[in-house]
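Student: Please see the structure below; I have some questions.
The values are calculated or read from the model by the stated rules, or taken from the named source; none is laboratory data. Computed from a predicted model, the values in this text were never measured in an experiment. Please note: Cβ atoms are built from the backbone with ideal geometry, for glycine as well, and neighbour counts cover all protein chains shown.
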Amino acid sequence: MAESRSAEAQPRLDGLGVFWITFSIAWTLVLAGGMTFLYRHRDMPMLRIRGLPLSFSAVILLHLYWGAVQTGYCYQPIAPPVVEFWIMNIWLPFGIALFHASNSRFLHVASSQKKRFAEDKDMTPPPKMNRAKSTTLLGRFRSLDYTRKILLLVGAGMSLQLFLTVFMFLVSRKFHGSFGIPGTEVTGTESQQNSQMGRGWEWWPSVFWQFFWAWLIAPVILWKARGIHDTQGWRFQTIACCLANLHATPMWLVALYVPAMAPVNAVWIPPQWIAISIMLLEIFTVFFPCWEVMRHQSLRQETLDSIAQWELNNKGLGKSSRSVATGSTTMAGSVLTAWSKDGSIKTTSGESILTMGALEYVLERNPEPLQKFSALRDFSGENIAFLRSVAEWKSSLPPSARGPQKNMDSATQQLVRERFNSALRIYTSFISSRDAEFQVNLSSQDLKKLESIFENSARILYGDKQEVDPATPFDMFGGPVKVESSSASSNGSEVGIISDDSSGHIGDMALYWGDIPDAFDETVFDDSEASIKYLVLTNTWPKFVKDRRLSLDSDDSAESGNSVLPTA
């Protein structure tokens with residue numbers, strides 16, 4: 001009997017077993033390639049906003065479970081059910097929890113972009129102060145930003161799941177006969193015992209997260225996302241992931257408790273129904289963004305080729321690069337009637353609208369449609385808002401305030417101080433990594449240059465915002481805001497003066513009265529402005545132009561009297 005039992009307890013390495021092993025290895029390599037592709041392009045705006053580290057963490061945990069399930073047909077005869085219990089209760093719920101945290105960013109970003117850049121008239125509101133409105137734990141939790149808040153919730157849920165897993169393992173005698181609650185043990189033959197160990201209330205928390213997300217959270221996400229139509233495919237990805245999870249838990253339960261599923265279970269073990277959902281999640285979370293990246297690169301290359309061809313054509317005519325950019329603005333007004341049949345954007349004279357001059361023309365004449373498109377469709381509203389704020393700041397700087405400060409009279413120096421405070425507000429709203437909700441994507445060189453000019457003043461005026469200690473995440477909200485006012489400028493005034501209000505913002509009367517850095521002048525934003533303009537030109541602008549083309553093709557008569565790109 002012992003010899004026959006030993007002979008039966010062998011891994012299944014028949015044709016189907018070899019297929020599952022080969023398939024698992026191949027898919028793992030393909031998935032690793034897709035994740036590597038995304039990581040190499042992680043600096044692209046459409047990927048930076050998705051939060052790849054959190055997505056990758058979820059995918060890795062879920063894929064570990066997927067690999068264990070897909071090869072389960074091979075090792076199931078020799079692995080005790082307790083191994084499956086720990087795998088299913090740790091890797092699956094932890095991966096689902098992280099995936100939910102990552103996926104929920106979609107609605108948060110869409111809502112924040114709409115509120116921040118599509119509805120508010122003021123593009124540069126003051127940063128929020130680090131203050132606690134309540135001394136209660138709930139009040140401190142509400143003071144956290146969205147990312148920290150969702151990570152704390154997910155971390156609490158994962159801790160609860162781990163506690164429940166350990167607790168149920170200890171109290172149930174299915175997995176050990178020496179201790180536990182009487183009446184939970186299994187009886188019968190070895191095959192019957194293994195069958196009973198693979199089902200029961202001990203397994204419910206393992207699929208609760210999957211069922212909760214697929215059948216409760218997913219419908220809410222689908223409903224809230226009904227009016228969002230982004231250009232990055234994020235909405236489609238979210239909806240596809242929601243729908244891909246609906247069948248998993250019901251089919252797993254059917255496979256376990258319906259006797260008629262026994263023939264299917266012999267070649268397709270019950271957890272593989274969950275593995276289907278995980279594989280679909282991986283496709284839509286990794287490979288669909290890869291396709292979006294390649295599609296974006298193609299559109300970007302079309303834009304660059306169009307610009308190069310425009311410059312080449314005008315160089316032959318002896319025009320300067322500046323006149324080329326200026327000349328292209330005349331085409332922006334006629335863009336509504338200048339779409340070519342092949343989908344590229346050209347004027348009736350064969351010249352492209354995808355030029356810096358055309359973009360600058362729209363930013364100057366009528367930036368509102370581009371602002372709303374970037375916020376509601378491209379989730380990059382901070383770029384257009386930054387360009388508009390800088391343009392407004394430059395236009396408000398009087399010519400008398402553009403020379404050396406030491407040669408200015410007191411009235412002009414006062415104007416310079418006001419313009420510095422306006423520039424400081426732009427810095428904290430769009431550039432500062434500590435203050436900006438949506439930070440524009442600048443090179444490290446441009447960022448360090450602006451930090452050297454504004455960071456010290458920002459910290460004095462708005463407070464020192466430090467990273468959260470994971471061990472004490474609420475400590476930074478436990479006390480009042482401190483503004484350094486011990487040092488004084490040469491005229492004896494305080495460095496920072498705060499006009500407090502109950503809204504949690506620094507009011508318009510908050511001004512910096514310290515020494516203005518010598519490096520501050522009217523060109524302080526020139527490099528960053530040029531960088532963001534180029535980013536918009538090669539990312540948002542071609543999407544906006546093509547979107548207008550599709551809109552005009554679908555309803556030309558309705559749009560003909562309401563030009564988005566104004567004529568000269």
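Student: Working carefully through the options Ser400, Ser410, find the one that is modelled with pLDDT of 60 or more, small (Gly, Ala, Ser) and within 27 Å of Arg425 (Cα to Cα). Talk me through it step by step, then tell me what you get.
Tutor: Working: Ser400 fails: modelled with pLDDT of 60 or more.
Answer to the check: Ser410.
Student: Now for a separate question. Out of curiosity, is Leu370 more than 25 Å from the chain's Cα centre (by Cα), buried (at least 19 other Cβ atoms within 10 Å of the Cβ) and at pLDDT 85 or above? Before you say what the answer is, go through the steps one by one.
Tutor: Details: more than 25 Å from the chain's Cα centre (by Cα): no; buried (at least 19 other Cβ atoms within 10 Å of the Cβ): yes; at pLDDT 85 or above: yes.
So Leu370 fails the test.
Student: Go through (1) more than 27 Å from Pro289 (Cα to Cα); (2) acidic (Asp, Glu); (3) surrounded by 15 or more Cβ atoms within 10 Å (Cβ to Cβ) for Asp230 and report which single condition fails.
Tutor: (1)
Quick grid of which residues meet (1) over 20 Å from the mean Cα position of the chain (by Cα); (2) within 30 Å of Leu16 (Cα to Cα); (3) in contact (Cβ under 8 Å) with a residue 40 or more places away in the chain:
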residue: Thr285; (1), (2), (3): no, yes, yes
residue: Val293; (1), (2), (3): no, no, yes
residue: Gln297; (1), (2), (3): no, no, no
residue: Gln301; (1), (2), (3): yes, no, no
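Student: Specify which of the listed residues (Ala385, Ala358, Ala375) is part of a helix (DSSP H, G or I), modelled with pLDDT under 90 and crowded, with 24+ Cβ neighbours inside 10 Å.
Tutor: Values: Ala385 fails: modelled with pLDDT under 90; Ala375 fails: modelled with pLDDT under 90.
Exactly one of Ala385, Ala358, Ala375 is part of a helix (DSSP H, G or I), modelled with pLDDT under 90 and crowded, with 24+ Cβ neighbours inside 10 Å, namely Ala358.
Student: Taking the condition surrounded by 15 or more Cβ atoms within 10 Å (Cβ to Cβ) and either at pLDDT 85 or above or touching a strand residue (DSSP E or B) at 6+ places or on another chain (Cβ under 7 Å) (or both), does Ile221 pass?
Tutor: On the way: surrounded by 15 or more Cβ atoms within 10 Å (Cβ to Cβ): yes; either at pLDDT 85 or above or touching a strand residue (DSSP E or B) at 6+ places or on another chain (Cβ under 7 Å) (or both): no.
Considered against the rule, which asks whether it is surrounded by 15 or more Cβ atoms within 10 Å (Cβ to Cβ) and either at pLDDT 85 or above or touching a strand residue (DSSP E or B) at 6+ places or on another chain (Cβ under 7 Å) (or both), Ile221 comes out as no.
Student: Mind checking which residues of region 153-210 are of a type in the set (A, V, I, L, M), modelled with pLDDT under 85 and surrounded by 12 or more Cβ atoms within 10 Å (Cβ to Cβ)?
Tutor: Scanning region 153-210 gives Val186, Met197, Val207.
Student: Something else: Tell me, which residue of region 1-30 that is among the small types (Gly, Ala, Ser) and modelled with pLDDT under 90 is surrounded by the fewest Cβ atoms within 10 Å (Cβ to Cβ)?
Tutor: Residues of region 1-30 among the small types (Gly, Ala, Ser): 2, 4, 6-7, 9, 15, 17, 24, 26.
Imposing the further condition that a residue be modelled with pLDDT under 90 reduces the set to 2, 4, 6-7, 9.
Working: Ala2: 6, Ser4: 8, Ser6: 9, Ala7: 8, Ala9: 11.
So, considering only residues that are among the small types (Gly, Ala, Ser) and modelled with pLDDT under 90, the one surrounded by the fewest Cβ atoms within 10 Å (Cβ to Cβ) is Ala2.
Student: Another question, then. Every residue in region 518-542 that is of a type in the set (A, V, I, L, M, F, W, C), touching a Leu at 6+ places or on another chain (Cβ under 8 Å) and part of a helix (DSSP H, G or I), please.
Tutor: Ile532, Val536, Leu537, Trp541
Student: What pairs come out if I take residues in region 40-66 that are without any contact (Cβ under 8 Å) to a residue 24 or more places away in the chain and pair them with residues that are of a type in the set (Lys, Arg) whose C-beta lies under 6 Å away, six or more apart or interchain?
Tutor: Leu52/Arg42
Student: So, one more: Scan region 175-197 for residues that are without any contact (Cβ under 8 Å) to a residue 24 or more places away in the chain and part of a loop (DSSP other than H, G, I, E, B) and report the count.
Tutor: Number of matching residues: 14.
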